[in-house]
Amino acid sequence: MKADVLIAGAGPVGLLTAILLGRDGHRVTVIERWPARYPLPRACTIDHEALRILQSAGVMAEHADLFEPSRGERGGYQIRNGEGALLRAIDWNRAAESGWANTNGFYQPDLEAVLESMAADIPTVDVRRGWSVAAVTQDAATVSLTVCRTGDEAEQETLVGSWLIGADGANSAVRDLVGIESVDSGFEADWLVVDYEPLDDREWEAFVTQYCDPRQPATAVNSGPGRRRFEFMRRADVTALELARPDTAWALMAPWNVTPENARLERHAVYTFRGTRVTEWRRGRVLLAGDSAHLMPPFLGQGLCSGLRDASSLAWRLSLIESGAAGSEILDTYGSERSAHVREIIDAAVAIGQTVCELDPLKAAKRDARMLAELSDPDAVTVDPPQPRLGEPSMTRHGDVWAGRLSVQARVEVNGRAALFDDIRGGRWQLITSEADPEALLSPELSEWFTGIGGTITSVSAGEPVRDIDGRYRSWFENHGCTAVLSRPDFYIYGTGMAADVAPLLTSLRERLHSSFIPTQEGARS
């Protein structure tokens, strides 16, 4: 039976995409080459935007306890030199736009178990484990995916769908089969990743600390409730095999008094940290997402977050196309939006990696002197994490200064119930105003169309019926010089304006859902 969407890869990105599409009634088949979930930790930090995406899929209602918010002094993310002096801090404890803690630690196997269970509960979603991608063909209307039993190429099956998403990781078979190439950032370093469970209850000063020690660059991070992680760069005088030994892991953690007596080693493995991104995100009816499309050094904890953004960005587009509410042209902006966004994060992560990975003592001393001199400038000491806007062309309103930026979610109260906005008002598309009765500004026909694509129209104020509990919406509108905002299902701003702009905003959106775009993989707005 033909599926609406085929997905290669049952990691968090593939499963989330399946859930978002399946809840809309679309038929989704997910293929995964491994017969069982990977039981050990991989990604260990996740940001506020990704949690809002998981909230939209229904994860956070019962599983918010999987995530441990960042805490600690100097913003929670500290960069220190070999002597322990503070060089720079990133404010991972900042108040975030999405209603959740800016950065959180988590245990990936637990998240994957939740996502797979949720996908299994959707009647239109079929997750097939133990099948590997063998071939991809496509025509104007369909894409065919040939799969074989993992380890037994004689047992084959061909699946047919309208679209195929390659979410099958860094060594993506889908990407290779359709011939999409990648661009390398030029950064590469081997690191030992050590995950352990502390058996003591000590407090660490920061959520993440980068130790820029030319003798041994290292990272320490809270990796979810009850867990921690260390990462150690491989020096030239140490082989990858030597670095991967358990006794090496214990020896490297000893300076922090992490020993077999007070910790249980869960995993240790050597990874090559690098930054890459594909030159194309779409080839006909084949699209890429997650590590299939981009890899980034882990110094900002944005690898999985970027993959979940891909999933959300793809899901709402494909859902509208398959339901007939939009033309396939809206996929032309998927790659241009995501490529520029990912490139900015990769560049920022590579810059931190180059700072941390300096092994030359003289260059490290100059680095330290320069960064220590900046400590007298408070703005240079603690900085915000990168907050990229979407690249161009984008599925946003032309000429709007805030279009393509992340929108806001805060707590509201309705009929005595207080919760985050999405949990009370919801809506795939959200039109929010600070003025009364925005529907009075719309024709019944336009309002009905907007509701038909999953839109909600809400006036948020200090009073009833939807009360701005903490004044976050009032402050947001004041800071952005507008009284209305229209946000997309992936929570990026389509457009902003005043009361007179409400109807034109929706009219513009309806036109854009059936517009052609000039494909551009690289351009980003400043």
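For this structure, a couple of remarks:
- Test for residue 377: is it modelled with pLDDT under 95 and either over 32 Å from the mean Cα position of the chain (by Cα) or open to solvent by 10 Å² or more (accessible area, probe 1.4 Å) (or both): yes
- Test: residue in region 275-286 that is on the phi > 0 side of the Ramachandran plot and open to solvent by 30 Å² or more (accessible area, probe 1.4 Å): yes
- Residue match in region 64-73 (condition: modelled with pLDDT under 95, touching a His at 6+ places or on another chain (Cβ under 8 Å) and closer than 26 Å to residue 354 by Cα): no
- Hey, residue 483 crowded, with 17+ Cβ neighbours inside 10 Å and over 30 Å from residue 324 (Cα atoms) or not: yes
- Count of residues meeting criterion [closer than 27 Å to residue 28 by Cα, among the acidic types (Asp, Glu) and surrounded by 18 or more Cβ atoms within 10 Å (Cβ to Cβ)] in region 74-122: 2
- Cross-chain or 6+ apart pairs with Cβ under 7 Å, region 82-93 first and in contact (Cβ under 8 Å) with a residue 60 or more places away in the chain and farther than 17 Å from residue 366 by Cβ, then surrounded by fewer than 21 Cβ atoms within 10 Å (Cβ to Cβ) and of a type in the set (Asp, Glu): 91/384
- First in region 426-452 and among the β-branched types (Val, Ile, Thr), second anywhere and part of a helix (DSSP H, G or I), Cβ under 9 Å, 6 or more apart: 432/421; 432/438; 432/473; 432/477; 433/441; 433/477; 433/499; 433/502
- Residue 432 passes every criterion in (1) open to solvent by less than 60 Å² (accessible area, probe 1.4 Å); (2) assigned to a loop (DSSP other than H, G, I, E, B); (3) modelled with pLDDT of 90 or more apart from (2).
- The listed residue being within 23 Å of residue 356 (Cα to Cα) and either acidic (Asp, Glu) or modelled with pLDDT of 95 or more (or both), out of 248, 158: 248
- Residue in region 30-45 that is open to solvent by less than 10 Å² (accessible area, probe 1.4 Å), at pLDDT 95 or above and either part of a helix (DSSP H, G or I) or more than 23 Å from residue 99 (Cβ to Cβ) (or both) present: yes
- For region 180-196, the criterion of being in contact (Cβ under 8 Å) with a residue 24 or more places away in the chain, more than 30 Å from residue 285 (Cβ to Cβ) and not in a strand (DSSP E or B) is met by none of the residues.
- Looking only at residues of region 380-425 that are within 27 Å of residue 504 (Cβ to Cβ), touching a residue at least 12 places away in the same chain (Cβ under 8 Å) and of a type in the set (Gly, Ala, Ser), we find that the one that is surrounded by the most Cβ atoms within 10 Å (Cβ to Cβ) is 394.
- Region 401-422: number of residues that are farther than 22 Å from residue 464 by Cα and assigned to a loop (DSSP other than H, G, I, E, B): 6
- Of all residues in region 449-475, those satisfying the criterion of being assigned to a helix (DSSP H, G or I) and open to solvent by 20 Å² or more (accessible area, probe 1.4 Å) are 449, 451, 452, 472, 474, 475.
- Filter result for residue 326 (free of Cβ contacts under 8 Å to residues at least 60 places away in the same chain, at negative phi and over 20 Å from the mean Cα position of the chain (by Cα)): no
The values are calculated or read from the model by the stated rules, or taken from the named source; none is laboratory data. Owing to the predicted nature of the structure, the values given are computational and were not obtained by experimental measurement. FYI the Cβ positions are ideal-geometry reconstructions off the backbone, even for glycines, and counts take in every protein chain you see. Remember, those area values only see protein heavy atoms, side chains included, never the ligands or the DNA or RNA. Shrake-Rupley method; radii C 1.70, N 1.55, O 1.52, S 1.80 Å.
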